[in-house]
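Notes for the one structure printed next.
The values are calculated or read from the model by the stated rules, or taken from the named source; none is laboratory data. As the structure is a prediction and not an experimental result, all values here were calculated from the model. Cβ placement follows ideal geometry from the backbone for every residue including glycine, while neighbour counts extend to all protein chains displayed.
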Amino acid sequence: MELDEMKSLWQELDARTAHTHAMALQLVRAGQSDRLHRSLRPLRWGQSAQIAFGVAAILWGVAFWSTHLGDWRAVACGVVMQVFGILMVAFAGRLLYSLKAIDYAAPVVEIQRRLAALGAWRVRVETPAFVLLGAFIWIPAVLMLMLDDTARAGVDMWRAAPGLPLWLLMNGVFAVALAMLAFWLLRRFGHVRWLQHNFAGSAIRRAEAALDEIARFERE
Amino acid sequence: MGKQFGWLAMVDGERQRRFEILLREHQRVVFKVAGVYARTPHDREDLAQEIAFQLWRSFASYDATHAKFSTWMYRVALNVAISHVRSVKHAGAEYIESLDGMHRDSLANGDASHVEALQRDERAAALHAFIGGLDPLNRALVLLYLEDRSYAEIAGVLGISPTNVATKLNRIKQNLRAQTVAAQTIGA
């Protein structure tokens, strides 16, 4: 069947479906926003949860360092927690703002390119950054909790366990090194495709495929 | 202050009425775009609602001097639909169920003879399979072509040049012809 024949058939079928469309008008009346916008909801909830978590980290960090001003190591832990919270809020806020600023009435290729670039940035930059931060952020969190507990018991934690911070840091470095070694071994023995297929790599592939598809569409 | 709020409410009410009239006139665009990009009939309804919601959100910035309502509507509807496809895993093959179902209902209600209806059904299935095999951007291009939009309007909706539109459509026509010849050769 030629494309022009398809056009005639499409219009013939369209004329026959007119009654179905008329019946469905009630579905698209404005004001039913509680049932609408479902596909973006999980993303919005996820980012809102990230902002809430980030604000909690900021408040905890600030409250901690401001009450331990005489102990530079405690101040450092609080500041790290605060910076982590700020990063969480900034990343989520940036994404929500970018989504809100998108004008869906702009040409399709332009909007799809912007959306694909946002998705690619998330999987290429944001996710690895948080994975790396996540491998270490538990260290100041544990130290902050332990400092409060030991202070309540009247014990100076830094004196009682002077090697603790370094030991925790080594654990973090070891976890990252182990992950990197596993990745290197998978790559060395040609199993990267399996890793990409089963883990976050598929999201990267999808984001890159979307960008490629748009670029190809513009170029051809 | 109260007067100001009353005036704003009146403007908003007027805008909503205007929007509903325009949407009623052009509602078929919403359902056709949803039918082409959704996977199942349920998904089609959800997508149609999402498109309508985005149309209402964007309506405040709609400027009739810059674009026809239908052109503006296609842009919003296609942007929402393509984003929807990209956010849903494994979209594509299953969507045919939605579009095919939409058209199959109409064929069943038609007054054509049984043979004629069957032939049309087969051709409709081929049309749906063809659209289903296209990537989201080319699907938008073909939908606008099937809707008998001019090359200039298609270019305006998609954000590419009219020459590019013509080139792409020619290529699609050539591919279709080649596929038909190949199918006939295998069949013979």
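One line per residue, one yes/no per condition, for (1) touching a residue at least 60 places away in the same chain (Cβ under 8 Å); (2) more than 10 Å from the chain's Cα centre (by Cα); (3) outside any helix (DSSP H, G or I):
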{"site": "B:G35", "(1), (2), (3)": "yes, no, no"}
{"site": "B:L47", "(1), (2), (3)": "no, yes, no"}
{"site": "B:I51", "(1), (2), (3)": "no, yes, no"}
{"site": "B:Q54", "(1), (2), (3)": "no, yes, no"}
{"site": "B:S58", "(1), (2), (3)": "no, yes, no"}
{"site": "B:A64", "(1), (2), (3)": "no, yes, yes"}
{"site": "B:W72", "(1), (2), (3)": "no, yes, no"}
{"site": "B:L78", "(1), (2), (3)": "yes, no, no"}
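Run down A:V109, A:V142, A:V123 and say which single residue is touching a helix residue (DSSP H, G or I) at 6+ places or on another chain (Cβ under 6 Å) and modelled with pLDDT of 90 or more. Being touching a helix residue (DSSP H, G or I) at 6+ places or on another chain (Cβ under 6 Å) and modelled with pLDDT of 90 or more holds for just one of A:V109, A:V142, A:V123, which is A:V109. Kindly indicate whether A:S98 is hydroxyl-bearing (S, T, Y) and either more than 30 Å from B:I160 (Cα to Cα) or surrounded by 17 or more Cβ atoms within 10 Å (Cβ to Cβ) (or both). Against the criterion (hydroxyl-bearing (S, T, Y) and either more than 30 Å from B:I160 (Cα to Cα) or surrounded by 17 or more Cβ atoms within 10 Å (Cβ to Cβ) (or both)), A:S98 does not qualify.
Here is a check on your reading of the model: is A:A135 without any contact (Cβ under 8 Å) to a residue 60 or more places away in the chain and assigned to a helix (DSSP H, G or I)? The answer is yes for A:A135.
Taken over region B:78-91, residues that are charged (D, E, K, R) and modelled with pLDDT of 95 or more amount to 0.
Within region A:101-127, restricting attention to residues that are assigned to a helix (DSSP H, G or I) and within 7 Å of chain B (Cβ to nearest Cβ), the residue that is surrounded by the fewest Cβ atoms within 10 Å (Cβ to Cβ) is A:E110. Looking only at region B:151-172, which residues are over 21 Å from B:G132 (Cβ atoms), free of Cβ contacts under 8 Å to residues at least 60 places away in the same chain and assigned to a helix (DSSP H, G or I)? Correct list: B:Y151, B:A152, B:A155, B:P162, B:T163, B:N164, B:V165, B:A166, B:T167, B:N170.
Evaluating B:D135 against the criteria (1) among the charged types (D, E, K, R); (2) at pLDDT below 75; (3) touching a Gly at 6+ places or on another chain (Cβ under 9 Å) leaves one unmet condition, (2).
Every condition in (1) at pLDDT 75 or above; (2) over 17 Å from B:V142 (Cα atoms); (3) among the basic types (K, R) holds for B:R75 except the one numbered (2). Residue pairs, Cβ under 6 Å, 6 or more apart or interchain, first in region A:153-180 and surrounded by 14 or more Cβ atoms within 10 Å (Cβ to Cβ), second of a type in the set (D, E, K, R) and modelled with pLDDT under 85. List them. Final answer for the pair search is none.
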